[in-house]
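A.B. asks: First the structure, then my questions, so here it is.
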Amino acid sequence: MILSARGRGNRREVLPVRLFAPGACLVFLALLAGCAGNVEYGDAGAVETVTVDFGSTDLQLIAEKMVGSLLASPTLQGGEPPVLQMSRFRNKTDEHIDTKAITDKIRTALVQSGKVRFTAAEVRDEIVDELEYQQKSGYVSEETRKRIGNMIGADYLLTGEMTSIRKRSGRKTDLYFLVTLNLVDLRTALIAWSEQKEIRKEATRPLLGW
């Protein structure tokens, strides 16, 4: 409740003004609670079709196709598991896509298969710093310090790129993704394995709204 002033000639009368009735306050609070919405856990593997843009299902389909194809390739059959290094994955689409999420999912599945090994190229500088600390600082015992020069070199470079074609006609949108992955032999610079995954999605905008 606030006070308002109303003039009568030279006199000013202070009147109480009630902003909200009790019932109106309850309705207002109920509306605020409704705006908060509900949050629920969903199935991470369920098909996601919220929009036509790149989503979680696309990432899963790409990883499944690439991992299955590479594990079945002659390059990984027999002998000691080769050492791979994940190289830059180029995003040549018109979308902002977290390509690291794609390569992380592919690499994790390949490592868990036990058929390949990966270099930790992303933290190489940290590894070098730690090795130099162990060797030169004088704080690490001789029995536990790791020698410099024992890193294992990669046999193959795993690299790729992603492109897209988006077309609109009236209320319809057609989006096409093409993902290409190559395994390059570092000894010869030859491509030892290559695979592609195509994804096409269509969306129709409603007559009203978005």
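A.B. asks: Condition first: surrounded by 15 or more Cβ atoms within 10 Å (Cβ to Cβ) and touching an Asp or Glu at 6+ places or on another chain (Cβ under 6 Å). Can you find one or more residues in segment 137-146 that meet it?
C.D. replies: no
Listed here are the residues, each with its yes/no results for (1) assigned by TED's automatic domain parsing to the domain that holds Thr180; (2) out of contact with any Gly (no Cβ under 9 Å at 6 or more places or on another chain); (3) touching a residue at least 40 places away in the same chain (Cβ under 8 Å); (4) part of a strand (DSSP E or B).
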position: Leu61; (1), (2), (3), (4): yes, yes, yes, no
position: Gly68; (1), (2), (3), (4): yes, yes, no, no
position: Thr75; (1), (2), (3), (4): yes, yes, yes, no
position: Gly78; (1), (2), (3), (4): yes, yes, no, no
position: Phe89; (1), (2), (3), (4): yes, no, yes, yes
position: Glu95; (1), (2), (3), (4): yes, yes, yes, no
position: Asp104; (1), (2), (3), (4): yes, yes, no, no
position: Glu126; (1), (2), (3), (4): no, yes, no, no
position: Tyr139; (1), (2), (3), (4): no, yes, no, no
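A.B. asks: For segment 66-115, which positions are among the β-branched types (Val, Ile, Thr) and under 20 Å from Leu190 (Cβ atoms)?
C.D. replies: Of everything in segment 66-115, those that are among the β-branched types (Val, Ile, Thr) and under 20 Å from Leu190 (Cβ atoms) turn out to be Thr75, Val83.
A.B. asks: Still on this structure, please answer the following. Scanning segment 162-176 for residues that are touching a residue at least 24 places away in the same chain (Cβ under 8 Å) and either farther than 27 Å from Ile102 by Cα or hydroxyl-bearing (Ser, Thr, Tyr) (or both), which turns out surrounded by the fewest Cβ atoms within 10 Å (Cβ to Cβ)? Spell out the reasoning first.
C.D. replies: Filtering segment 162-176 down to residues touching a residue at least 24 places away in the same chain (Cβ under 8 Å) leaves 162-164, 166, 171-176.
With either farther than 27 Å from Ile102 by Cα or hydroxyl-bearing (Ser, Thr, Tyr) (or both) added as a condition, the list becomes 163-164, 171-173, 176.
Working: Thr163: 14, Ser164: 18, Arg171: 10, Lys172: 12, Thr173: 17, Tyr176: 15.
Top of the filtered list is Arg171.
A.B. asks: Follow-up question, since we're still on this one. Do we have any residue at all in segment 110-124 that's of a type in the set (S, T, N, Q), in contact (Cβ under 8 Å) with a residue 40 or more places away in the chain, part of a helix (DSSP H, G or I) and touching a strand residue (DSSP E or B) at 6+ places or on another chain (Cβ under 7 Å)?
C.D. replies: No: zero hits.
The values are calculated or read from the model by the stated rules, or taken from the named source; none is laboratory data. The structure displayed is predicted, hence computed values, not measured ones. Positions of Cβ are backbone-derived with ideal geometry, glycine not excepted, and every protein chain shown enters the neighbour counts.
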